[in-house]
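Step one of this worksheet: look at the structure below.
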Amino acid sequence: MILVDTSVWVEFFRQQTPVADHVRVLLNKKAIVTMEPIFSALLYGVSHMKEYEVVQAYWQMLPKIAFKEGSLIEAASLARQRNYHLMGIGVLDAALIRATEEGDHRLWTLNDNINDHIRKPLIYQPGFLRS
């Protein structure tokens, strides 16, 4: 499964191609998984009730990675061990990385700090983004 980061969802909701088109393909294949920090950030950033309802509908339909008590503490510990703070990777990003590693998922993000500093097998990168 692909854990789609907030940065990708923003492009999807803005209908920015080719990202939006590829998210639709993954949605149709039921290949996307999500977790609470991603959708809490998306819901925080909406401007109108209609946007809120659309984002909330996606949250309801997608399979979720459990975000249990202590997840952020464990992510902070991982981030410190790996010096993520020196790489511009925050604690919420560390939580996504940790969930990706533990769940045998791949992370699709447009965040260069993450893409440049985590193990390549953990990164999902559609063909149109490869250099």
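The values are calculated or read from the model by the stated rules, or taken from the named source; none is laboratory data. These numbers come from a predicted model, not from an experiment. Ideal geometry is used to build each Cβ from the backbone, glycine not excepted, and the neighbour counts take in all protein chains shown.
Condition first: at pLDDT 95 or above and either of a type in the set (Gly, Ala, Ser) or on the phi > 0 side of the Ramachandran plot (or both). Can you find one or more residues in segment 8-19 that meet it? Yes. Scanning segment 56-69 turns up no residue that is closer than 16 Å to TRP9 by Cα and under 11 Å from the mean Cα position of the chain (by Cα). Does LEU96 meet the test of being at pLDDT 95 or above, touching a strand residue (DSSP E or B) at 6+ places or on another chain (Cβ under 9 Å) and at negative phi? Considered against the rule, which asks whether it is at pLDDT 95 or above, touching a strand residue (DSSP E or B) at 6+ places or on another chain (Cβ under 9 Å) and at negative phi, LEU96 comes out as no. Of all residues in segment 111-124, which are surrounded by 15 or more Cβ atoms within 10 Å (Cβ to Cβ) and either part of a loop (DSSP other than H, G, I, E, B) or in contact (Cβ under 8 Å) with a residue 12 or more places away in the chain (or both)? Correct list: ASN111, ILE114, HIS117, ILE118, LEU122, ILE123, TYR124.
Among the conditions (1) over 26 Å from ASP112 (Cβ atoms); (2) without any contact (Cβ under 8 Å) to a residue 24 or more places away in the chain; (3) among the aliphatic types (A, V, I, L, M); (4) in contact with a helix residue (DSSP H, G or I) (Cβ under 8 Å, 6 or more places away or on another chain), ALA79 misses just one, which is (1). Being at pLDDT 95 or above and in a loop (DSSP other than H, G, I, E, B) holds for only one residue in LYS50, LYS30, and it is LYS30. Taking segment 3-27 as the range and being outside any helix (DSSP H, G or I), touching a residue at least 12 places away in the same chain (Cβ under 8 Å) and not β-branched (Val, Ile, Thr) as the test, the residues that pass are LEU3, ASP5, PRO18. Which one of the conditions (1) surrounded by 11 or more Cβ atoms within 10 Å (Cβ to Cβ); (2) over 18 Å from GLU102 (Cβ atoms) does ASN28 fail to meet, given that it meets all the rest? The one condition ASN28 does not meet is (1).
In this entry, LEU110 passes the filter for residues that are touching a Ser or Thr at 6+ places or on another chain (Cβ under 9 Å) and modelled with pLDDT of 90 or more. Among the conditions (1) more than 23 Å from PRO18 (Cα to Cα); (2) crowded, with 18+ Cβ neighbours inside 10 Å; (3) touching a Pro at 6+ places or on another chain (Cβ under 9 Å), the only one that TRP108 does not satisfy is (1).
For segment 38-49, state whether one or more residues are in contact (Cβ under 8 Å) with a residue 60 or more places away in the chain, closer than 20 Å to ILE114 by Cβ and surrounded by 13 or more Cβ atoms within 10 Å (Cβ to Cβ). There is no residue in segment 38-49 that is in contact (Cβ under 8 Å) with a residue 60 or more places away in the chain, closer than 20 Å to ILE114 by Cβ and surrounded by 13 or more Cβ atoms within 10 Å (Cβ to Cβ).
When ARG98 is tested against the conditions (1) over 20 Å from GLU11 (Cβ atoms); (2) out of contact with any Ser or Thr (no Cβ under 9 Å at 6 or more places or on another chain), the lone failure is (2).
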